[in-house]
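What follows is calculated from the coordinates using simple rules that are stated; it is not laboratory data. Predicted model only: the values in this text are computed from it and were never measured. Using ideal geometry, Cβ is built from the backbone for each residue, glycine included, and neighbour counts are taken over all protein chains shown.
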Amino acid sequence: MARTTETLVGPEPDFDDDMHASILGQLRARQRGANRPGIFNQRDSASIWTGDDDASHRERLAAATGGASEVSSKSNMLAEMYRPPFDIMSKLPWDTARQEGRDNERWLLVNIQDPSIFDCQVLNRDLWKDPGVKDTVKEHFIFLQFGKDDPRAAPYLQYYFQASDVSDNYPHIAIVDPRTGEQMKVWSGPPVIKAADFLMQLHEFLDRYSLKHNVRNPVAKRKPEKKEKSIDAMTEEEMMEMAMRNSLGDGAGQAQKMEDPDDLTRSTEDVKGKGKAADTGDVSMGEAHADPQASVFQSIPADQPHTEPPPDPATTTRIQFRHPSGRVIRRFALSDPVQRIYEWLKADPPLADKAGVEFELNAMGRNLIDSLDISVEEAGLKNGTVMIGYLED
């Protein structure tokens, strides 16, 4: 009799994360004893996941896991649940991925996984399978996921993640500029970021940074590093102190938790969006009153407060709005015109002292005043971030 298998879209309610971690640990031990790949060593061949019928899907899952998914029904379920996101992963080598990113203006999004750390696998289960995350990654990024022992990860580990053996640095996700090779943003260490928060942060990043040649991105303001004396210049007492610090894991002998480069670029000015290159001749926000667009802004009604539609993933979306004092999130219909956002902000500004003050809305490097008549969905604002910049003399 042919066996069938169900496609699971999330964890069964009978198993919490602690139970999953325990089961996976037992499976890893059993698979090591059998000298065969485990469910976390799934091969990333796209051909494995082509086809639709249940029987061939079960065979492909077994092939991808070296037979580990056939150990039991639980291992089959877990192999499916924690399957890597092959549908959005690039298989390009590092240097080739950088070249493609330069050619197509797409950032490199890198996820390094340690199979022994359960939180890394939670990313496969909860983050990379989220529809909003997947759509954003496909549109704006080249996504590379490697195990820390994968030879293909060597260039990244060597230049960006020397502390890859420190468990506290996992889960590890980063964005790299394909032009300069600069690491632009890092998510490193527990807890596992929620899909909704990650998506918001991706859209915020895309609003603050650009791969366009005529846009100047925020610059990191790094603190001056304290220089250590050379050993030859140290006194005997200083050498003893250094040896004690290192033996206690406090100092150069201890790998530090990674710092997010994006945090070092933030200042009160950054909420107004990306800076323009010096040769663009763009008008600054403070001078925008003289711009013809000001009359368009004045024509938008200021007496149309917003009522959020009932939540429906098929017809509505949540949009994050960042302003000088924080952020606010509101739900809009995907079919709402962009002007509806302006009407809401004019009628009910998030900052009481900004009532009547003219503002600009920027998303993904675009001024939304030019998109008043198109829908929220057509403007690319689904699950997006909008920056509010007030135009004050």
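May I ask for the distance between the Cα centers of region 328-393 and region 102-154, given as a whole number of Å?
Comparing the Cα centres of region 328-393 and region 102-154, I get a distance of 31 Å.
Taking a threshold of 27 Å on the Cα-Cα distance, which of the pairs Lys185/Lys354; Lys212/Lys354; Lys91/Lys212; Lys194/Lys354; Lys148/Lys382 fall above it? Walk me through the numbers on the way to the answer.
Details: Lys185/Lys354 32 Å; Lys212/Lys354 32 Å; Lys91/Lys212 25 Å; Lys194/Lys354 32 Å; Lys148/Lys382 34 Å.
Over 27 Å apart, Cα to Cα: Lys185/Lys354; Lys212/Lys354; Lys194/Lys354; Lys148/Lys382.
For the residue pair Asp197 and Val296, what label-to-label distance in nm results when each label sits 7 Å from Cα along the Cα-to-beta-carbon direction?
Each label point lies 7 Å from its Cα, and together they span 3.7 nm.
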